[in-house]
Protein chains: 2
Amino acid sequence: MQTSPCTEVGRSGETVSPGPVCRDAGNFYPRTRHRRGNGRPEPDLRSRRWNPRCESMQTIAAIVTNLFEDSEYIDPAEALKKAGHTVVTVGIREEEVVWGKTDNSPVKIDRAVGSVNVDEFDALLIPGGYSPDKLRVFDEAVEFVRAFVMSGRPVFVICHGPQLLITAGVLEGRRVTGYASIVQDIKNAGAEYVDEEVVVDGNLVSSRGPADLPAFIRTMLEKLA
Amino acid sequence: MQTSPCTEVGRSGETVSPGPVCRDAGNFYPRTRHRRGNGRPEPDLRSRRWNPRCESMQTIAAIVTNLFEDSEYIDPAEALKKAGHTVVTVGIREEEVVWGKTDNSPVKIDRAVGSVNVDEFDALLIPGGYSPDKLRVFDEAVEFVRAFVMSGRPVFVICHGPQLLITAGVLEGRRVTGYASIVQDIKNAGAEYVDEEVVVDGNLVSSRGPADLPAFIRTMLEKLA
C-alpha cells in the first residue's frame, strides 16, 4: 500500500501542532512536534502517520535479527531514510537489540514480527548474514515474509536473505540471485538463479552480497519512486 | 576402507621401535616412538600408519572451518579418540586455526581439503554451525564430500552439515535429518526429512543439533565397530 501524495494545508485550532498537516488517503495527520535529543522529529512507528516532508514517503519493514550482515541493513536503511522513507525494524522481540556479524553493529527492534501486519508497510527489506537462518525457524517470520511476497509489494532481498523466501515457499518459478553458498538451495526451491549484481522479477529485487549494495540500493530506490 | 585387525608380532632389528608392530593389509608398521610434550604418541596424519593399540582403529576426517558449532566437533572427536580412532581435521588451509561459533574453541586444521583423498579415510564427520555454509562455496570441499558419500564409507552429519550434502547433490532419495532452519532445503534437495534424534540411511548418519549428540555419538561408534 503506497501512501497518497500529501498536500500541505493549514488547520486552525490544531492542538498538537500549529503547522501544516499531511493528507494521506483522506485523513489529515498533524506534523509531530516530538523531537529526539538530536533534534530530528520522532516517527510514531506503530502508525503510518509520519511524513515530515509531506512527500510520497513509504514505510519499509526491515526483518532482521542477530548475526545480520551489518552493511546489508545499515547501507540500505540509511539510503531509504535519506530519501525520506521510514524504516521499521521487525524482529523476534520488540525493543530487543540485535547485533551484526561483521562489525557487531547494534540495531534496536521496533516491532515484533508476531505483532505486525503486511498492510502496515509498503515494502520489505531482508538483509543477509546469518540473520535469515535464525529467522526462518520462526513461523511468524516465515508467514510475514510469505504474505509480503504474495501481496505484490516490493521485497528487497540480499545475500542469505532468500533462505527466508525458500522456507516461505515463494520462489517457485521466480528469477532471483543470492549469496554463493545458497545457490543450490535457490535452484532446488524451483527458482532460476541468476548470477548478476541485481535481479528484478516483478516485486522481487535481489542481490548477491555486500559488493552489490550500490546496485541493490539504486534499484530499491527506483522501485519505491 | 577399514583397517585389518592387527596382530602384534616381534621383529628383530627394528630400527624405529624395538617393540611389537602392527600388521595391516599385509604390511608391517612399527609403532612410532615419537612423543609429544604430553607423553602421548604422535600419529603421522599423512599415512594410515598409526595404530598404537593395534585395534581395529579407523581414521575419520572431520571437515570443518570457522564458526563450527563447538560441541558438534569437540564431543564426537573426543569420543572417537577415546575409542581408539584417529581424527584428522580437514579444512581450507593446512595449519590454519579455525574457531567455534559458540565457545570460540580453536581447532587446528591438519590437512587442506585440496590435498586429501577419500581413500585415506574410513569415515567422514561434518559438524554443523555455520562452518558448512562457509565450506560449501569451495569446490574442493564439495567434491570431497560428494566422493565420500558416493564411496559408501560412513558419513556422520549433524545440524547444518547437510548443507554440504545439498551442494554436493547427494541427498536425492535419502532419509536424513538436520537443523530446523534447513528442513525445507533438505526436502527441496529430494531427501525425506525425518524429525528424529538420529537417522541412519545406509552410510549416512544424521542428527539435528547439539541436543542429539549422545545418540549421534553412540550411533557413530556403533557404525565404526
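The values are calculated or read from the model by the stated rules, or taken from the named source; none is laboratory data. Remember, predicted model here, so these are calculated numbers, not experimental data. Backbone-built Cβ (ideal geometry, glycine too); neighbour counts: all protein chains shown. Heads up: the accessible areas ignore ligands, DNA and RNA and are worked out on the full protein's heavy atoms, side chains in. Shrake-Rupley method; radii C 1.70, N 1.55, O 1.52, S 1.80 Å.
Of all the criteria given as (1) open to solvent by 60 Å² or more (accessible area, probe 1.4 Å); (2) closer than 20 Å to B:ALA79 by Cβ, the one not satisfied by B:ARG175 is (2).
Please find, among A:VAL149, A:VAL157, the residue that is in a strand (DSSP E or B), closer than 19 Å to A:PHE216 by Cβ and touching a residue at least 40 places away in the same chain (Cβ under 8 Å). Don't jump to the end; show me each part of the working.
Working: A:VAL149 fails: in a strand (DSSP E or B).
Sole residue among the options that is in a strand (DSSP E or B), closer than 19 Å to A:PHE216 by Cβ and touching a residue at least 40 places away in the same chain (Cβ under 8 Å): A:VAL157.
Being farther than 21 Å from B:TYR179 by Cα, modelled with pLDDT of 95 or more and of a type in the set (Val, Ile, Thr) is a property that does not hold for A:VAL145. Residues in the stretch B:115-129 that are open to solvent by 10 Å² or more (accessible area, probe 1.4 Å), in contact (Cβ under 8 Å) with a residue 12 or more places away in the chain and not aliphatic (A, V, I, L, M): 3 in all. Is the stretch A:128-139 home to any residue that is on the phi < 0 side of the Ramachandran plot and away from chain B (no Cβ under 14 Å)? No; the residues of the stretch A:128-139 include none that is on the phi < 0 side of the Ramachandran plot and away from chain B (no Cβ under 14 Å).
Residues of the stretch B:160-186 that are more than 9 Å from every other protein chain (Cβ to nearest Cβ) and either closer than 17 Å to A:ARG136 by Cβ or outside any helix (DSSP H, G or I) (or both): B:GLY161, B:PRO162, B:VAL170, B:LEU171, B:GLU172, B:GLY173, B:ARG174, B:ARG175, B:VAL176, B:THR177, B:GLY178, B:ILE186. Total residues in the stretch B:187-225 satisfying the condition of being facing another protein chain (nearest Cβ under 10 Å) and surrounded by fewer than 20 Cβ atoms within 10 Å (Cβ to Cβ): the figure is 2.
Table: residues versus (1) at pLDDT 95 or above; (2) surrounded by fewer than 22 Cβ atoms within 10 Å (Cβ to Cβ); (3) more than 14 Å from the chain's Cα centre (by Cα).
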position	(1), (2), (3)
A:SER47	no, yes, yes
A:ARG53	no, yes, yes
A:ALA62	yes, no, no
A:ILE74	yes, yes, no
A:GLY91	yes, no, no
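Residue count for the stretch B:144-153 satisfying the condition of being crowded, with 20+ Cβ neighbours inside 10 Å and within 14 Å of chain A (Cβ to nearest Cβ): 1. What do you reckon, is A:ALA141 assigned to a helix (DSSP H, G or I), open to solvent by 10 Å² or more (accessible area, probe 1.4 Å) and assigned by TED's automatic domain parsing to the domain that holds A:SER206? For A:ALA141, the condition - assigned to a helix (DSSP H, G or I), open to solvent by 10 Å² or more (accessible area, probe 1.4 Å) and assigned by TED's automatic domain parsing to the domain that holds A:SER206 - is not met.
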